[in-house]
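First the structure, in the form of structure tokens, and then the observations on it.
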Amino acid sequence: MQKGLREKGFGDRLGDAARARQVQLERARAKSPANDPEFPARQEARRQAKLAALEREAEDKKAAEAARLVELMAEAAAREAEKVEQARRAAEREAEQKAARDAR
């Protein structure tokens, strides 16, 4: 057998796994946003964009609700006008019927 070529034992495999985990941890720390000097500015820009979107959404909801309220008021006014018209027609019909009775 050649010198230096030996089968890895359990301890060797555990050591390799620990080293691999350490390398992964170091890579993750290097990529951390906390190390990026522009990260806070980008994060603040995202927050501002999110707040602006929420404000636009709230304004859109208010506008939609106002439009719905105007529509409901217009429908109510139309119904009221129809009731008034029906009452006018009924009064007119009664007046015609009374005039016809009086003419007899």
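The values are calculated or read from the model by the stated rules, or taken from the named source; none is laboratory data. Please read these numbers as outputs of a predicted model, since none were measured by experiment. Positions of Cβ are generated from backbone atoms using ideal geometry, with glycine treated the same way; all protein chains shown enter the neighbour counts.
Have a look at Q2, Q43, Q97 and point out the one that is part of a loop (DSSP other than H, G, I, E, B) and at pLDDT below 95.
Of the residues listed, the single one that is part of a loop (DSSP other than H, G, I, E, B) and at pLDDT below 95 is Q2.
Under 6 Å between Cβ atoms, which residue pairs at least 6 apart in sequence (or on different chains) link something in the range 37-51 that is surrounded by 10 or more Cβ atoms within 10 Å (Cβ to Cβ) with a partner that is part of a helix (DSSP H, G or I)?
Filtered contacts from the range 37-51: F39/P33.
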